[in-house]
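Novice: Would you mind keeping the following structure in view while I ask a few things?
Every number here is computed from the coordinates shown, using simple stated rules; none is lab data. None of the values given here were measured: they were computed from a predicted structure. Cβ sites come from the backbone with ideal geometry, for glycine too, and all protein chains shown count toward neighbours.
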2 protein chains.
Amino acid sequence: DSQYSPGYYWLGNDTLKVPLVLHKENRERLVSRMLTNHKDTIEKNSFILLEGGKDEMSYDTDHEPLFKQERYFFWTFGCEIPGCYGLVGLDDKATSVLAIPKLPADYATWMGEIHSKEYYKSIFLVDHVIYTEDLQDYLKGNNASTLYTILGLNTDSGATFKEPEFPGMKENFKVNNSVLFPEIAECRVIKTPKEVEVIRYAVDASVSAHKHVMRTVKVGMKEYECESEFVHHAYKNWGCRNVGYTCICAANKNSAVLHYGHAGEPNASTISEHGFCLFDMGAEYHSYTADITCSFPATGKFSPEQRVIYNAVLDASVAVIQAMRPGVNWIDMHKLAERCILEALLKANILKGDLLDLVKNGIGSVFFPHGLGHFLGLNTHDVGGFVGDCKPKTNSLRTTRDLKANMVITVEPGCYFIKHLLTQALADPIKVQFFNQQELQKYVNIGGVRIEDDVLVTENGCENLSKDLPRTCEEIEEFMKKY
Amino acid sequence: DSQYSPGYYWLGNDTLKVPLVLHKENRERLVSRMLTNHKDTIEKNSFILLEGGKDEMSYDTDHEPLFKQERYFFWTFGCEIPGCYGLVGLDDKATSVLAIPKLPADYATWMGEIHSKEYYKSIFLVDHVIYTEDLQDYLKGNNASTLYTILGLNTDSGATFKEPEFPGMKENFKVNNSVLFPEIAECRVIKTPKEVEVIRYAVDASVSAHKHVMRTVKVGMKEYECESEFVHHAYKNWGCRNVGYTCICAANKNSAVLHYGHAGEPNASTISEHGFCLFDMGAEYHSYTADITCSFPATGKFSPEQRVIYNAVLDASVAVIQAMRPGVNWIDMHKLAERCILEALLKANILKGDLLDLVKNGIGSVFFPHGLGHFLGLNTHDVGGFVGDCKPKTNSLRTTRDLKANMVITVEPGCYFIKHLLTQALADPIKVQFFNQQELQKYVNIGGVRIEDDVLVTENGCENLSKDLPRTCEEIEEFMKKY
Ligand SMILES: [Mn+2]
Ligand SMILES: [Mn+2]
């Protein structure tokens, strides 16, 4: 009676029972891709080597933050245990080996039952389970030639991936750390039906929790009460212990702060009577995460100005989701969204002039300063945005690729009245000409609107996984009126 | 309308308004202690230098876990901002300088308003606020001689404290890293009335949340639902965003796993009909944490065996809290608790023989394998357990010191039926003689009981800060019957 049974991860009740063969399929398609793309250079008895995350303490204390597994390792093995390694043979058999730490006897006193290697073999559906201390011997016994590892720049985050290490590795084996990284990243970009089912569940949990918050929110509440409601709803009812990222519960003018909610701005404002809420929250299940933003007036009733801005963003969202299909380039989708927003601001008389001139002069990014969306999976900002057929990185976009079937990507146009960006624009002799400053004044205290959905690209178009949210002004007003 | 106003941290509603002069007092008593104990060696123009924590990403991703400030820095400045340094002049004025990072303009787009140095000066009640890039110049301008820093072994956790660094530090200043660490640790051990108020609030929040869980728990629920209820209650109603440590929601036999609840054992069992619950959870406010354990039967009705074990532990708790006062040594308190538990097990006929023989032969730690308690404050296992007048470390104790007024320490005796410890003991030709194995059999599936309170040592005795919990079997049965 735990989260694991042979071949499954499950938290009971109505939570999703995840077949761990999901990760066996991941291993197989990774090996198959490696063999297809590098068959001439991969020697006999080569292995993919991945190192999982280690338990770490906070500063010099013995406080152990809740362990979060390294995501490439998790994708390949589905295993939450700290201190592991994994091997996958680079041949037709794709032999999988999970190396787990040998635990001291008093682990049973402090941390829980010490399970056998056979137990873990049956849970994780790998070919062999060994102890990490036997990794070197296992590889030698199998005449291992080259170990393929991940190393180098993560082109999505800009951070560097730490090379795996174990005693004797460099002395005894050749290490190739140039080939694997882009191939495994590309595998992670394309989701299998089993992965989509887990993401769909995380999205369902998050949609349900967002609706719960919309039913609960009241003028005068603290923003963090909404965070608490979301997290509780997703955990208690859906088994989502973690959120994929820190909850952004931004009301009032805070809705113009894109990544509000961090320790420095901890969702601590009181939701005011004219406060517009921008709540960006996503729950995680079996480490796959949702990433969803709902924007709505705290009272449940849009003011005329709120309606104008909300509809500008909704137009963009609808246009993009309608246009998404394999082959479409993401930069074009971003531009489409930006045009929709600018058109609406022109129509509302906040901006003036010609649409193409506005675009050319960068007025779009004054109101919509972030990218349209990003891949979604085991990371909120999932990997692979800049591998394969990507175009050069342009300003804030998190991918520049053509869409392919079975990508999962967020669609999150936004329109914000950000003081320092407006001040900058109004101080620019060219840009200022496009603003109708009198009309603009009516909007400067609105904050911002973001509408973020999680979208699966299909063979012929796309499916909005978060489509059960009330999204039009009318739907939102109707939904919130009921409570 | 945020968590800060000049001189205060406050989350609104009924949450505690913390006067940040608390940290000014901390700075002053640290300086005064340093000057008293090291007046002959501290040169003119010496400063204490502390480096705060930095924002960090998870692995190679751009996922930023919620920032947790380094605790020595927080104790001294009360400031949650990542990337800071702090100085305190080692003279009568105890001049305080907070060095904050200079933020790029686009911080305002992504993270929130960029505040002035004056703003932070008024919030944190320091004498000066400077940018971190000006730290070297500030020190040179003030003819700084020696910088006193923390470095070396944290004798509580066994980890090593990372020395602060900034450009030009080693080249321009003498660094003394041997004197400060034990002095600041000792200051943290003795809580001021203002610190006690914050701890009291975190304890009140946790007591309230534990009671909420006891009202909510039902046979058939998942353990993690109780975790979710606790965390939500403490956050929504009391503003506690974080718990001090991962929630231990152990039901059934899991209650014999001391640190259950981590990522490998994620509170995922179903609470069974005869399940005994051991819930160890503590909420944090303004970074001060509670640490409280409630043990009770899921049904709200003790079985005869559960009652025996529960009362064994309660006897120990009552005896210790009755005996606690300044001057009492903690090892003696541990032994007292152990004797109470062994006596009860003798009386219940689980053990046989002479109490002193049981003690001498280590039967106590078969059932009670952890220490009686630990200091509590900004860390769950707070610092200073092994500085000052401590006796040598003995097995699992987290401090061996004499009690002093204004220490806050947990009292957490426990009695567990841990399979591998019992197997070990029964295989030992000496130890086995003390067991009545037939009687023992009735108990082996109970799991364990821990009763953990947070206790303030006073001038003449002590105050149990968590005394509002139902603690006797009768109180618990009465409390749970109502729901
Ligand atoms: Mn997003
Ligand atoms: Mn404790």
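Novice: Do you know which residues across segment A:356-378 are over 22 Å from residue A:259 (Cα atoms) and either part of a helix (DSSP H, G or I) or within 16 Å of ligand 2 (Cβ to nearest atom) (or both)?
Specialist: Scanning segment A:356-378 gives A:356, A:357, A:358, A:359, A:360.
Novice: Which residues, counting only those in segment B:379-429, are within 13 Å of chain A (Cβ to nearest Cβ), within 13 Å of ligand 2 (Cβ to nearest atom), touching a strand residue (DSSP E or B) at 6+ places or on another chain (Cβ under 7 Å) and closer than 19 Å to residue B:335 by Cα?
Specialist: Correct list: B:385, B:414.
Novice: Residue check: is residue B:58 facing chain A (nearest Cβ under 9 Å) and over 19 Å from residue B:161 (Cα atoms)?
Specialist: yes
Novice: Also: Which ones in segment A:240-257 are facing another protein chain (nearest Cβ under 7 Å) and either among the basic types (Lys, Arg) or crowded, with 24+ Cβ neighbours inside 10 Å (or both)?
Specialist: Hits for segment A:240-257 are A:241, A:257.
Novice: Name the residues in segment B:197-210 that are in contact with a Leu (Cβ under 7 Å, 6 or more places away or on another chain) and either within 13 Å of chain A (Cβ to nearest Cβ) or under 19 Å from residue B:297 (Cα atoms) (or both), would you?
Specialist: Hits for segment B:197-210 are B:207, B:210.
Novice: Another question, if that's okay. For residues in segment A:44-55 being surrounded by fewer than 21 Cβ atoms within 10 Å (Cβ to Cβ) and either free of Cβ contacts under 8 Å to residues at least 12 places away in the same chain or more than 9 Å from chain B (Cβ to nearest Cβ) (or both), which is nearest to the chain's Cα centre (by Cα)?
Specialist: Result: A:54.
A quick yes/no check of all residues on (1) more than 28 Å from residue B:281 (Cβ to Cβ); (2) surrounded by 15 or more Cβ atoms within 10 Å (Cβ to Cβ):
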site	(1), (2)
B:406	no, yes
B:417	no, yes
B:442	yes, yes
B:459	yes, no
B:474	no, no
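Novice: Any idea how many residues of segment A:330-355 are touching a strand residue (DSSP E or B) at 6+ places or on another chain (Cβ under 7 Å) and part of a helix (DSSP H, G or I)?
Specialist: Total meeting the criteria: 3.
Novice: Then there's this: Run down A:302, A:230 and say which single residue is more than 14 Å from every other protein chain (Cβ to nearest Cβ) and away from ligand 2 (no atom under 16 Å from the Cβ).
Specialist: A:302
Every residue, every condition in (1) over 29 Å from residue A:261 (Cα atoms); (2) crowded, with 18+ Cβ neighbours inside 10 Å, yes or no:
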{"position": "A:181", "(1), (2)": "yes, yes"}
{"position": "A:189", "(1), (2)": "no, yes"}
{"position": "A:193", "(1), (2)": "yes, no"}
{"position": "A:199", "(1), (2)": "no, yes"}
{"position": "A:206", "(1), (2)": "no, yes"}
{"position": "A:210", "(1), (2)": "no, yes"}
{"position": "A:214", "(1), (2)": "no, yes"}
{"position": "A:223", "(1), (2)": "no, yes"}
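Novice: With respect to the numbered conditions (1) under 22 Å from the mean Cα position of the chain (by Cα); (2) without any contact (Cβ under 8 Å) to a residue 60 or more places away in the chain, which one is the sole condition not fulfilled by residue B:35?
Specialist: (1)
Novice: Among the residues of segment B:29-38, is there at least one that is in a loop (DSSP other than H, G, I, E, B) and within 16 Å of residue B:182 (Cα to Cα)?
Specialist: yes
Novice: Restricting attention to segment B:155-193, which residues are under 17 Å from the mean Cα position of the chain (by Cα) and more than 14 Å from chain A (Cβ to nearest Cβ)?
Specialist: Those that are under 17 Å from the mean Cα position of the chain (by Cα) and more than 14 Å from chain A (Cβ to nearest Cβ): B:186, B:187, B:189, B:190, B:191, B:192.
Novice: May I pose another question? Where residues in segment A:258-289 are hydrophobic (A, V, I, L, M, F, W, C) and in contact (Cβ under 8 Å) with a residue 60 or more places away in the chain, which of them is surrounded by the most Cβ atoms within 10 Å (Cβ to Cβ)?
Specialist: Among them, the one singled out is A:283.
Novice: Condition first: within 14 Å of chain A (Cβ to nearest Cβ) and hydroxyl-bearing (Ser, Thr, Tyr). Can you find one or more residues in segment B:27-35 that meet it?
Specialist: Checked segment B:27-35: no residue is within 14 Å of chain A (Cβ to nearest Cβ) and hydroxyl-bearing (Ser, Thr, Tyr).
Novice: Taking strands (runs of 3 or more DSSP E) that do not extend beyond segment B:71-154, which have at least 3 residues that are touching a residue at least 12 places away in the same chain (Cβ under 8 Å), away from chain A (no Cβ under 14 Å) and surrounded by 16 or more Cβ atoms within 10 Å (Cβ to Cβ)?
Specialist: Per the criteria, B:85-89, B:96-100, B:146-148.
Novice: Considering only segment A:266-303, how many residues are within 16 Å of ligand 1 (Cβ to nearest atom) and either in a strand (DSSP E or B) or within 16 Å of residue A:417 (Cα to Cα) (or both)?
Specialist: Within segment A:266-303, residues that are within 16 Å of ligand 1 (Cβ to nearest atom) and either in a strand (DSSP E or B) or within 16 Å of residue A:417 (Cα to Cα) (or both) number 12.
Novice: I need a count of the residues in segment B:269-285 that are within 14 Å of ligand 2 (Cβ to nearest atom) and within 13 Å of another protein chain (Cβ to nearest Cβ).
Specialist: Total meeting the criteria: 4.
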